[in-house]
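Here is the structure we will look at, set down as structure tokens.
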Amino acid sequence: MSILQPLIGIAAVLSAGTLIALAGSQGSVMLGPLPIFALCATVGILLHWVVFIPSFVWQTEHYFDLTGGLSYLATVGLALLAHPTMDMRGQLLCMLVAIWAVRLGSFLFLRVKRTGRDRRFEEIKKCFSRFAFTWTLGGGWVFITMAAALAAITSEIQKPLGLLAWVGLALWITGFAVEVIADHQKTRFRRNPENTERFISTGLWSLSRHPNYLGEIVLWLGITVIALPVLSGWQLLTLISPAFVVLLLVKVSGVPMLESSASKRWGHEPAFQDYVNSTPVLFPKIV
């Protein structure tokens, strides 16, 4: 891979983040001369860059997912401190983001500590520019995935919670439950020494090859639905959040990498071929 590709990727992430930060700042509550939305937009990127330096020096990926979780918490924490008159919608969104970040961040951190490595980073961490792009993308991921929620949290417009909020909450609960159950089932499966080098095809994994990602997509869609009633004008650009989650998980860093790895490990096995042919990548079959 050319050194220019990661650098172009970094520039693209920063450009997209800047455009969304400008759009979401329209109608944001101000902290002095600055929109709170814009201030919160910088947290994830800055924190990821700070942790990237020692991670590259010591060639470790162990703190990547933990940094992501802490970035979400730091962002909503800043919003809560900077916006003391936040309404119930904003508080609800902060709580949902925080619950998800604590659960997933700690789960992924403990998993990589237990296994000792994350296969996604084996080659990437050896190259400064590729590793820097990955950490920059992680910071961009934090901001862009929660952009709609953040726009609602910091919005000058305040409305009582209505039907859309409860629909969004139901979606979030459903997605969160699917993600937690899928992760628990896979963890339990891996704890059996006989399954160390086997693929899981039971429980939710019999309905979808990536049910944890399905759950994540649904819960972020729920958060966006909760946020929607107080977004207007350029803030509507932040509705890109769930589409960005789908794009990154399905086309960039999630499904493609895991599918490629699984194919290399088990692609020659008839049982795995049958599993792939009969089980959807993401969305379970209706009938």
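What Kirkwood hydrodynamic radius, in Å, does the chain give when the mean of 1/r is taken over all pairs of distinct Cα atoms and then inverted?
19.9 Å
How big is the charge dipole of the chain about its Cα centre, in debye rounded to the nearest 20, if each Lys and Arg gets +1 on its Cβ and each Asp and Glu gets -1 on its Cβ?
540 debye
Among Leu219, Leu150, Leu81, which one moves the most in a GNM of the chain with springs linking Cα atoms closer than 10 Å?
Checking each option, the largest mean-square fluctuation is seen for Leu81.
Among all stretches of the chain without exposed GluC sites (Glu not before Pro) (DSSP loop, at most 15 other Cβ atoms within 10 Å), which one is longest?
1-121
In nanometres, what is the gap between the two model label sites at Asn192 and Ala170, each 7 Å from Cα along Cα-to-Cβ?
3.6 nm
Would you mind checking the tilt of helix 163-191 against the longest principal axis of the Cα atoms of the chain, expressed as 0 to 90 degrees and rounded to 10?
30 degrees
Apply the Karplus curve 6.51 cos²θ - 1.76 cosθ + 1.60, θ = phi - 60°, to the phi angles in the stretch 51-57 and return the couplings in whole Hz, x for Gly and Pro.
Using θ = phi - 60°, the values come out as 7, 4, 4, x, 5, 6, 4 Hz.
Stokes-Einstein diffusion coefficient for the stretch 188-252 at 25 °C in a medium of 0.890 mPa s, Rh from the Kirkwood formula over Cα pairs: what value in µm²/s?
For these conditions, the coefficient is 172 µm²/s.
Taking 10 °C and 1.306 mPa s as the conditions, I'd like the Stokes-Einstein D for the stretch 107-220 in µm²/s, using the Kirkwood hydrodynamic radius from alpha carbon pairs.
93 µm²/s
Over 29 Å between C-alpha atoms is what I'm after, so list which of Lys159/Lys285; Lys125/Lys251; Lys159/Lys251; Lys126/Lys251; Lys186/Lys264; Lys264/Lys285 land there. Working shown, then result.
On the way: Lys159/Lys285 38 Å; Lys125/Lys251 21 Å; Lys159/Lys251 36 Å; Lys126/Lys251 23 Å; Lys186/Lys264 19 Å; Lys264/Lys285 26 Å.
Where the Cα-Cα span goes over 29 Å, the pairs concerned are Lys159/Lys285; Lys159/Lys251.
Evaluate the Kirkwood expression for the hydrodynamic radius of the stretch 226-287, namely the inverse of the mean inverse distance over all pairs of different C-alpha atoms, and round to one decimal in Å.
On the way: mean 1/r = 0.0690 Å⁻¹.
Over the stretch 226-287, the inverse of the mean reciprocal pair distance is 14.5 Å.
Report, in degrees rounded to the nearest 10, the 0 to 90 angle that the Cα long axis of helix 64-82 makes with the longest principal axis of the chain.
Between the helix axis and the principal axis of the chain, the angle is about 20 degrees.
Cα convex hull of the stretch 94-169: mean projected area in nm², to one decimal?
6.9 nm²
Give, rounded to the nearest 20 debye, the magnitude of the charge dipole that the stretch 133-287 has about its Cα centre when Lys and Arg contribute +1 at Cβ and Asp and Glu contribute -1 at Cβ.
Dipole magnitude for the stretch 133-287 comes out near 160 debye.
I need the trypsin sites (Lys or Arg not before Pro) found in the stretch 89-188, filtered to DSSP loop residues with at most 13 other beta carbons within 10 Å of theirs.
On the way: sites: Arg89, Arg103, Arg111, Lys113, Arg114, Arg117, Arg119, Arg120, Lys125, Lys126, Arg130, Lys186, Arg188; in loops: Arg117.
For trypsin sites (Lys or Arg not before Pro) across the stretch 89-188 that sit outside H, G, I, E and B with at most 13 neighbouring Cβ atoms in 10 Å, the list reads Arg117.
In square angstrom, what is the accessible area per residue of the stretch 152-287 with a 1.4 angstrom probe?
Here the residues of the stretch 152-287 average 52 Å² of exposed surface.
Taking the simple approach of a point 7 Å from Cα along Cα-to-Cβ for both Leu14 and Leu80, what is their distance in nm?
For the pair Leu14/Leu80, the computed spacing is 3.2 nm.
Volume per residue, Å³, of the convex hull around the alpha-carbon atoms of the stretch 20-103?
Spelled out: Cα convex hull of the stretch 20-103, divided by residues, is 101 Å³.
Along the charge dipole of the chain, which of Leu247, Ala149, Thr196 sits closest to the positive end, that is, farthest toward it, with unit charges on the beta carbon of Lys, Arg, Asp and Glu (+1, +1, -1, -1)?
Farthest towards the positive pole: Thr196.
The values are calculated or read from the model by the stated rules, or taken from the named source; none is laboratory data. Since we're looking at a predicted model, the values are computed, not measured. A quick note on method: Cβ atoms are made from the backbone with ideal geometry, for glycine too, and the neighbour counts reach across all protein chains shown. Keep in mind that these areas ignore ligands, DNA and RNA; they rest on the heavy atoms of the full protein, side chains included. Shrake-Rupley method; radii C 1.70, N 1.55, O 1.52, S 1.80 Å.
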